[in-house]
Amino acid sequence: PADTRDAARVRSAPAPLTDVARLCVCDLLVAQCDVNCCCDPDCSAEDFSLFTACSVPVVTGDSQLCNQKAAVYSLDVEANPPERIFKLIDQVNPSIFCIHATNYKQALYLKSPEIPTPENFDQLLEKFGGASFRAEPDSWDLDTDAQNPSEANETSRYEFGVPVQTEDAFLRLPSPVVTSWCSDANPAGFLVNQATKCIRSVSVEKCDSIQALSMLFYINSSILASVFQVDITVQSIAVQSLDGMRTLLSSSDVLRLPMVLDDLCINAVLGVNYHITHTDTGEIIEAAAAFVLGAISKEALSIEQSFEISFTQANTQPVLLSGNPGYVVGLPVRAGFQPQGYPSPAAFLIAALALSSNKHSQLTILQSTSTQDCLAAQGARAPVLFGYNMISGCKLRITAAMKCQPLAQTLLDVLKGQSFPEYVASFGNSQAQDVLDWVPITQLHISEQMISHTLQSPCQIPVSLGIEVKWTKYGSLVNPQARIVNVTATVTTTTLKQPPSGRERIIPITSSVVFTDISSPAEPSYKAWPTINIKLPFDFFYPFV
Amino acid sequence: NNSSQLSSLPLQILLYVNGIYYIFYFLATLAMIIYKSQVFSYPDDLLAPDLAVLFLMGILEVPRLYLGFKGNLTEAEAPLGLSLGLTVGSVVLCVYLLLWQTYVLWADVLLNAVLLSTYGLESGLKVTAIAAFVS
């Protein structure tokens, strides 16, 4: 039926209504009587008796015509009840320049628009598809073909934040919106690494019909990229049992769809992890998804699904940048080492491996634990985040039996960590090869010397580590980038005072990180005054010179 | 005593009046076409034929009147006959402007009707004059 209706519509648009007796401008409400509209066909005689005046007294065609029919509506208020009078009269225009006849139909009536059909659609789109159009088709720009190739390149290349497009819509990353329930309308943005968790309502009986629980829902549409489409492959499948234990399946080729088994719904998707590989020009070349499938028990009315998407550049190791180029507040300060045996900083080329996404090569500080015992909480360290001043500490219980030197070494390990870095990246995206982009950490030792009358230097134990990071604003005034200029690690030591035997002393050990902004105020710069450059021609004083 | 004079006086008067009237007619019709193109929607592909017909009629009118004068005064039937032929062409163009113009105003109807009646009367007098000259 739809096809025949379309075919019938294609042939002609409805003819314009030109009979003045049937035209009514004030008839706005469909199947209802409009107030004071004397020409409304929906009004009955009782409605007319309630009107006060006629809003449209005369309905005519073009007033320039010499001789035409006019419909005149009026209310006879003298009668009881008032009634509407309708008269069809011949209206004469006495002007000598009235239109006696016309051979041009569109002069007096609006043109019926062309109905688009598959044949004339392209031509209509070309004529009327722009922001403005004229009556004559624009035949001057013949180089429309020259614009198309550049447009094709624009759509294939993704920019940061642009939703990743697939065949039907966008690559979906279900996420909670307002409430914790999953919404499937969240598109994944290019180069935006996201991780979301949301709750989905399920029922075990209908679990094979719920689309969002099946693997197909997440991999069936292919991503549009450059000239071809990138299919989403299944990277791995992990099956999670009811008690939370996950096993990685050896073969990830078979598509496992949810089905009801006993009272459980198995192969339901509990988590999807997308990995998209892209080139450095913004074209997506590969897409893979790692699934976590699980079982839903009969009593469960909702399950929590977690989704993650990460973007990696092809042929590179993923190195997490802390800013591009300036440090972003909240991202970890990147640090590195100079490898042993290479005294010159130029050997950083080989040390590139040491700066991969190894978390131990970050600048870290001691993390306070609930036990607050320095010797017990070994290894808990927190990364130093740019811009966040931190202070942490623990309490050291000194007994009489403790030896100073090993205690000092242990405390230094506790304060500085297993591998305290030697260099800190000056910018958030400093590469290992650029030696000059790395700032060495200056180590200072301050000892709280107690005035001692003994000549021998007593043993000192470190009690605090203070890292001061001086940073400056670098670059343009409207978009300043944070750049680390100086890092100083100050270890304060104090003399160990052994308590008498049987007693113990508790001294606090602290470590802190302070970020100081040492940016100099912006200097205004003015344009140079224009100079008048007058030079006489070379042979001005000819023949005397 | 007009027994030896075959030239038709009414025809001469009519031709003279026709010449004067035609100048007025041409200017008035041209002015009205300009008025119509400003006030109404007058696309270029409809304006061109109307103007062409008007100018063609103007071009035809000059030899037509000249031949009529000459033929009547010299009492020669050949020029009068040629003038009659050109009159037929002018009548056709006049009918076009009366009926098939894009916009026919009431003033257009009046002007063209007067011109048509003049042409008709002229043609009758020319035929009579030719008959008088030939015999």
Item to check | Helix A:144-156 axis, angle to chain A major axis (alpha carbon atoms, nearest 10°) | outcome: 40 degrees
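Tally Lys and Arg at +1 and Asp and Glu at -1 over the other residues with C-beta under 14 Å from the C-beta of A:Thr312: what net charge comes out?
Working: positive: none; negative: A:Asp280, A:Glu283, A:Glu286, A:Glu308.
Summing Lys and Arg as +1 and Asp and Glu as -1 gives -4.
What is the packing order of peptides A:269-277, A:199-207, A:486-494, taking the mean over residues of other C-beta atoms within 10 Å and listing the highest first? Don't skip to the answer; put the middle values down first.
Values: A:269-277: 20.8, A:199-207: 15.9, A:486-494: 18.2.
Output ranking for A:269-277, A:199-207, A:486-494: A:269-277, A:486-494, A:199-207.
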Checklist entry - Nearest 10 degrees, 0 to 90: what angle lies between the long axis of helix A:404-416 and the longest principal axis of chain A (Cα atoms)? => result 10 degrees
Item to check | Approximate spin-label separation A:Glu286-A:Tyr104, in nm, with each point projected 7 Å along Cα-to-Cβ | outcome: 6.8 nm
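What length, rounded to one decimal in nm, is gained on full extension from A:Thr516 through to A:Ser132, with 0.36 nm per residue of separation minus their alpha-carbon distance? Kindly include the intermediate steps, with their values, before the conclusion.
Working: separation 384, 0.36 × 384 = 138.24 nm, distance 5.65 nm.
Once the chain is fully extended between A:Thr516 and A:Ser132, it gains 132.6 nm.
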Checklist outcome for this item: In nm, the gap between the two label points placed 7 Å beyond Cα toward Cβ at A:Ala169 and A:Asn80 is 6.8 nm
Item to check | Modelled FRET efficiency - R0 30 Å, A:Ile506 with A:Gln443, Cβ distances, 0.05 increments | outcome: 0.65
Next on the checklist: Calculate the FRET efficiency for B:Ser117 and B:Phe26 from the Cβ-Cβ distance with a Förster distance of 30 Å, rounded to the nearest 0.05.
Outcome noted: 0.95
Item to check | Pairwise label distance in nanometres, A:Val328 with A:Asn479, each label 7 Å out on the Cα-Cβ vector | outcome: 1.4 nm
Checklist entry - If you find the alpha carbon centre of segment A:394-438 and of segment A:471-506, how far apart are they in angstrom? => result 11 Å
Item to check | Residues A:Arg157, A:Arg246, sorted so that the one with the fewest Cβ neighbours within 10 Å comes first | outcome: A:Arg246, A:Arg157
Checklist entry - If you bin every alpha carbon distance in segment A:162-313 into 10 Å steps from zero, what whole percent lands in each bin? => result 11, 41, 34, 12, 2, 0
Checklist entry - Length gain on complete extension for the stretch A:Leu125 to A:Ile534, per 0.36 nm per residue less the alpha carbon to alpha carbon distance? => result 141.2 nm
Checklist entry - For the pair A:Thr279 and A:Glu114, what calculated FRET efficiency results from E = 1/(1 + (r/R0)^6), where r is the Cβ-Cβ distance and R0 = 51 Å, to the nearest 0.05? => result 0.65
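Only four residue types carry charge here, +1 at the Cβ of Lys and Arg and -1 at the Cβ of Asp and Glu. Report the dipole size of segment A:162-313 about the Cα centre in Debye, rounded to the nearest 20. Walk me through the numbers before you get to the answer.
On the way: 7 positive and 16 negative charges, 52 e Å.
Its charge dipole is roughly 240 debye.
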Checklist entry - Per residue of B:98-105, how many C-beta atoms from partner chains lie within 10 Å of its own C-beta, taken as a mean? => result 5
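With both partners inside chain A, how many of the DSSP beta bridges are antiparallel, as a percent to the nearest 5?
Of those bridges, close to 70 percent are antiparallel.
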Checklist entry - If you take all C-alpha pairs in chain B, what percent of them are over 22 Å apart? => result 40 percent
Item to check | For segment A:20-92, the spread of Cα positions along each principal axis, largest first, Å | outcome: 37, 30, 14
Item to check | Listed residues A:Leu331, A:Thr281, A:Met245: farthest to the positive end of the dipole of chain A (Cβ charges) | outcome: A:Leu331
Next on the checklist: Using only the alpha carbons of segment A:217-287, what is the convex hull's orientation-averaged projected area in square nanometres?
Outcome noted: 6.1 nm²
Checklist entry - Quick one: which of A:Lys470/A:Lys527; B:Lys70/B:Lys126; A:Lys111/B:Lys36; A:Lys197/A:Lys416; A:Lys395/A:Lys497 span more than 24 angstrom between C-alpha atoms? => result A:Lys470/A:Lys527; A:Lys197/A:Lys416
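Work out, step by step, the length gained on full extension between A:Gln405 and A:Ser310: first 0.36 nm times the residue separation, then minus their alpha carbon distance; give nm to one decimal.
Numbers: separation 95, 0.36 × 95 = 34.20 nm, distance 4.76 nm.
My answer for the length gained is 29.4 nm.
Compute the orientation-averaged projected area for the protein assembly as shown from the convex hull of its Cα atoms and round it to one decimal in nm². Each step should come with its number before you reach the end.
Values: hull surface 323.4 nm².
Projected over every direction and averaged, the Cα hull of the protein assembly as shown covers 80.9 nm².
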Next on the checklist: Between 0 and 90 degrees, rounded to the nearest ten: what's the tilt of helix B:77-99 against the longest Cα principal axis of chain B?
Outcome noted: 20 degrees
Checklist entry - What does the charge count near A:Leu88 come to, summing +1 for each Lys or Arg and -1 for each Asp or Glu among other residues with Cβ under 12 Å from its Cβ? => result +1
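A short reminder: the numbers here are calculations on the coordinates, not readings from a lab. Here the structure is a predicted model, which means the values were calculated and not measured. Neighbour counts run over all protein chains shown; Cβ positions are idealised from the backbone, glycine included.
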